[in-house]
Amino acid sequence: MPRAARRIIGWVLLLQVAWSLPLAVFMGYKWRTETGPDVSYPCDDGGTCYSGPTTFLILTLVFGGIALAVLLVWAALVVRWRRRAAVRTQLMASGLRTPALLVESRATGTSINNRVVQAHTFESRATGRVIRVVERSVAHLPIGTRATIAYDAVDPTRAALVDDVEHLATAAHLDWDKLRRTRTDAMFARPAPAGLTAMRDAVASNLETALAELRAEVAAGRLTEQEYEEQRAQWLRLLETRTDQPLT
């Protein structure tokens with residue numbers, strides 16, 4: 001799980017404790033100091049309201065139980081995260097390393113700042129056995145992204161991704177941007193001796209695939225809608241150029 005997601009979950013849980021624990025203390029104080037009998041009376045909304053030592057005791061147990069349950073969940077998560085961090089540190093220091101590829105990316109049910117957390121599955125078969133690592137991040141990665149896995153030689157199920165997912169996403173975006181510029185430059189290059197018609201035919205045969213790749217970049221958030229439209233307009237202008245005119 002991304003570090004940012006862990007921080008958010010931790011603060012949300014502690015916020016629940018921040019309101020439930022003081023209420024439990026207050027209700028406990030009222031229960032210990034209340035000397036009157038248990039009473040019931042009509043509420044403003046037409047229902048029945050209760051007051052007295054028993055009511056305050058019940059509320060103390062309810063709010064105290066909420067605070068205790070949330071604290072136990074928070075403590076369990078902290079222990080789990082620290083154990084995983086310790087395993088990762090150990091693997092980074094003494095684990096065997098093997099090249100891996102991204103074989104699957106799927107959206108999880110978690111969002112951070114309106115960005116869906118992705119579960120990226122990296123797989124290695126270089127050692128003759130399958131070694132997998134699932135890394136969660138809001139970054140989008142293309143299938144086939146290369147990375148490195150560190151694993152325990154005795155227990156290959158203990159494995160961790162060496163590379164930072166955010167850095168991998170940045171590198172993948174730069175590689176795609178370079179490829180896109182190269183393809184665009186090739187499309188708008190001066191026609192070869194075969195003539196402009198042959199070049200336009202080559203562009204037309206690959207336009208659908210190129211546009212589909214651009215749409216995928218927009219969906220992944222690595223390309224804006226305006227950049228997509230500008231690139232598409234450039235390619236369409238090339239197709240509309242008369243074959244008896246040079247490209248300008």
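Just so you know, all these numbers are worked out from the coordinates, no wet-lab data involved. Quick caveat, the model's predicted, so the values are computed rather than measured. Glycine also receives a Cβ, built like all others from the backbone with ideal geometry; neighbour counts cover every protein chain displayed.
Rg/Rh for the range 1-130 to two decimals, with Rh computed the Kirkwood way over all alpha-carbon pairs.
My calculation of the ratio gives 1.26.
By how many nm would the segment from Val116 to Ala212 grow when fully extended, if each residue of separation counts as 0.36 nm and the alpha-carbon distance is taken off?
32.4 nm
Compute the relative contact order of the range 3-92 as a whole-number percentage, counting only Cα pairs closer than 8 Å that sit 6 or more residues apart in sequence.
For the range 3-92, the relative contact order is 34 percent.
If the only charges are +1 at each Lys and Arg Cβ and -1 at each Asp and Glu Cβ, what is the size of the charge dipole of the range 1-156 around the Cα centre, to the nearest 20 debye?
1080
Under 15 Å from a point placed 7 Å out from the Cα of Trp19 along the Cα-to-Cβ direction: which residues of the range 51-85 have their backbone N that close?
Those under the cut-off are 63-64, 66-67, 70.
If we count other beta carbons within 10 Å of each Cβ, what is the order of Asp45, Asp164, fewest first?
Asp45, Asp164
Would you mind calculating the gained length between Ala219 and Leu57 on full extension (0.36 nm times residue separation, minus the Cα-Cα distance), in nm to one decimal?
Values: separation 162, 0.36 × 162 = 58.32 nm, distance 5.42 nm.
Stretched fully, the Ala219-Leu57 segment lengthens by 52.9 nm.
Ranking Asp44, Asp152, Asp38 by Cβ neighbours within 10 Å, fewest first, what do you get?
Exposure proxy ranking, most exposed first: Asp44, Asp38, Asp152.
Dividing the convex hull volume of the alpha carbon atoms of the range 96-163 by its residue count, what do you get in Å³ per residue?
Hull volume normalised by residue count: 79 Å³.
Fully extended, how many nm does the chain gain between Tyr50 and Ala153 (0.36 nm per residue separation, minus their Cα-Cα distance)?
Full extension from Tyr50 to Ala153 adds 30.6 nm.
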